[in-house]
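Participant: The structure follows.
The values are calculated or read from the model by the stated rules, or taken from the named source; none is laboratory data. Quick caveat, the model's predicted, so the values are computed rather than measured. Neighbour counts are summed over all protein chains in view; Cβ atoms, including those assigned to glycine, are modelled from backbone coordinates with ideal geometry. Protein only, heavy atoms only, side chains kept; ligands, DNA and RNA dropped before computing areas. Shrake-Rupley method; radii C 1.70, N 1.55, O 1.52, S 1.80 Å.
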Amino acid sequence: MKRALVILVPVVASAALLSGCGVKTAHKSVSAAPVAGGTGWKPSTPIKVKQGDKVVIKVGNLTKVTHGFSIDYFNVHQTVDAGKTIQVKLVPNVKGRYVIYCQLHPAHKKTELLVT
Ligand SMILES: [Cu+2]
């Protein structure tokens, strides 16, 4: 996973170049929510997007505490307060499975961004 950080800069740069070029926008939503035995993401299935799409993820929080939303590869590290919604935008230019996790709670169940 060390290698991902090295590749990150060109990915972000090309994402900026692509925006506004008629790229398809994919709207997704996921929320931090109570699950059996703790906190997880709803839906818990991977968020599926296509390589090169402009992805807008609405991240909600159905719990009573602040949660994090992180995807290391795309340098996403945000927080969403209880009952609030944030928008996370990214253009995944590399296919793969990327872990989505809460950086505030190690026990928070993870999900994935699946780029095909
Ligand atoms: Cu959390």
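Participant: At 1.002 mPa s and 20 °C, plugging the Kirkwood radius over alpha-carbon pairs of the range 23-115 into Stokes-Einstein gives what diffusion coefficient in µm²/s? Before the final figure, lay out the partial values.
Facilitator: Numbers: Rh = 13.1 Å.
My calculation gives 164 µm²/s for D.
Participant: Another question about this same structure. With all protein chains present, how much of the accessible area of the range 23-115 (probe radius 1.4 Å) comes from carbon and sulfur, to the nearest whole percent?
Facilitator: Working: 2570 of 4880 Å².
It is 53 percent, rounded to a whole number.
Participant: Ordered by packing density, taken as the mean number of other Cβ atoms within 10 Å over each peptide's residues, highest first, how do 60-67, 104-111 rank? Provide the component values of the computation, followed by the final result.
Facilitator: Numbers: 60-67: 16.1, 104-111: 14.2.
By packing density, highest mean first, the sequence is 60-67, 104-111.
Participant: Taking amide H positions as placed 1.01 Å from N in the peptide plane, with prolines and chain starts having none, which residues 5 or more places from residue 29, or on another chain, fall under 5 Å of its amide H?
Facilitator: Under 5 Å from the amide H of residue 29 lie the amide H atoms of 58, each far enough along the sequence or on another chain.
Participant: A further question on this structure: Keeping all protein chains in place, calculate the accessible area per residue for the range 42-116 (probe 1.4 angstrom), answer in Å². Could you put the intermediate results ahead of the total?
Facilitator: On the way: 4010 Å² over 75 residues.
Accessible surface, normalised per residue, equals 53 Å².
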